[in-house]
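Here the structure comes first, spelled out in structure tokens, and everything after it is commentary.
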Amino acid sequence: MHTSQLSTALSIPQGEAGFVTRACKTVWRFFRRKPLGAVGTVLILLLVLMGVLGPFVAPYDPDEIGVAKKYAMPSFQNTLLGADQFGRDVFSRILYGARISLMVGVLASTAGTFIGACLGLISGYWGGRTDAIVQRFIDILMSFPLIILALTLLTALQRSLSTVIIAIGVPFIPYGARVVRASAMVIKEIQFVEAARAIGCSDLRIIARHIAPSCVSLYLVLTTGFIGVAIITESALGFLGLSIPPPTPTLGGMLSEALALLMFAPHVAVAPGAFITMAVFAFNVLGDSLRDVLDPRLRGRG
């Protein structure tokens, strides 16, 4: 094979190269317009990196007792963030707990909002009796505060990672449904949808090809914003002892155990609390930035 042929075979196709270039330019414009969104993105990437690499970079097993003296202060020589009342390394436990918090936050928010969005599409497009039935179901879910509904579901289910995700994700369903329903009711009256209906497209095809893609930006904004709420909810459940049972380390569980140690070992509580704060801040500012960019009503601001 000639050199020119080899270089052609190994080169990126022009279409793909153009897509990558456009994507990079879009991300760069987003970062320039929304510096806080850039900060949130960097923090999220850092948190995800910690969660993914946690088992490989953690200096100790998170449940190993006696790796240092009880309540050992943070030190670069032994325990980076100190040790708890059992001599367990706080840094290692945070790395493992971060994986749980991020997994619960992302999956609960993504799944709950997706189910709600599907219900909203069906309800908003078909209307009538279908809309009435779906909206009464949504009203029932919205009548419960988020934490109360999650507690009720966890009480009825056996505690595990999957049930915690379900319990936290279900309360997000009505919010996704209401927002997407309102958008679907507007989009279905636009001329291109009526034209698709006139040429014989089925309802499912119209929803999948024309209405749903127009609601993707709403879904992204809702999902990103709810991840922070899900992380706080999981931490609150862990603080109450109702999240994933021990010995699996969770950030909320670490805060609950550290409550009695605030006076003489505050570092045991500060580390998981700081991680929760940073994670919620990162997802919230990214969600707000995406909303400002993707919402046509806010696009001209800032």
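Read the figures in this text as sums done on the coordinates, not as results from a lab. Model, not experiment: these values are computed from the prediction. Cβ sites come from the backbone with ideal geometry, for glycine too, and all protein chains shown count toward neighbours.
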When the dipole is taken about the Cα centre of the chain, and only Lys, Arg (+1) and Asp, Glu (-1) are charged at their Cβ, what size is it in debye, to the nearest 20?
900
Who wins for biggest fluctuation among GLU257, GLU189, GLU64 in a Gaussian network model of the chain, springs between alpha carbons below 10 Å?
GLU189
Once you have the Cα-Cα distance between LEU45 and ALA182, take 0.36 nm times their residue separation minus that, and quote the gain in nm to one decimal.
46.1 nm
Which lysines, on any chain, are close to LYS34 with Cα under 19 Å apart, when same-chain ones fewer than 8 places away are left out?
LYS25
Dipole magnitude of region 145-302, debye to nearest 20 (Cβ charges: Lys/Arg +1, Asp/Glu -1, about Cα centre)
460
Roughly speaking, what is the stretch gain from MET103 to ARG33, that is 0.36 nm per residue apart minus the C-alpha to C-alpha distance, in nm to one decimal?
22.3 nm
LEU53 versus THR152, label points 7 Å from Cα toward the beta carbon: distance in nm?
4.4
Jot down the radius of gyration and Dmax of region 146-248, Cα atoms only, both in angstrom.
18.7, 60
Determine the shape class of region 182-302: with a ≥ b ≥ c the square roots of the Cα gyration tensor eigenvalues, call it rounded for a/c under 1.5, and otherwise prolate if a/b is greater than b/c, oblate otherwise.
prolate
Working out 0.36 nm times the residue gap between LYS25 and PHE281, then minus their Cα-Cα distance, what length gain in nm do you get to one decimal?
89.6 nm
Going fewest to most other Cβ atoms within 10 Å around each Cβ, ILE168, ILE211, ILE65, ILE115 line up as ILE65, ILE115, ILE211, ILE168
If the viscosity is 1.306 mPa s and the temperature 10 °C, what Stokes-Einstein diffusion coefficient in µm²/s follows for the chain when Rh is the Kirkwood radius over Cα pairs?
72
Selected from GLN158, ALA132, SER183, residue furthest toward positive end of dipole (the chain; charges at beta carbon)
SER183
Quick one: what Rg and Dmax do you get for region 22-90 from the alpha carbons, in Å?
18.3, 54
For a quick check: sort ASP63, ASP139 by the number of other beta carbons within 10 angstrom, fewest at the front.
ASP139, ASP63
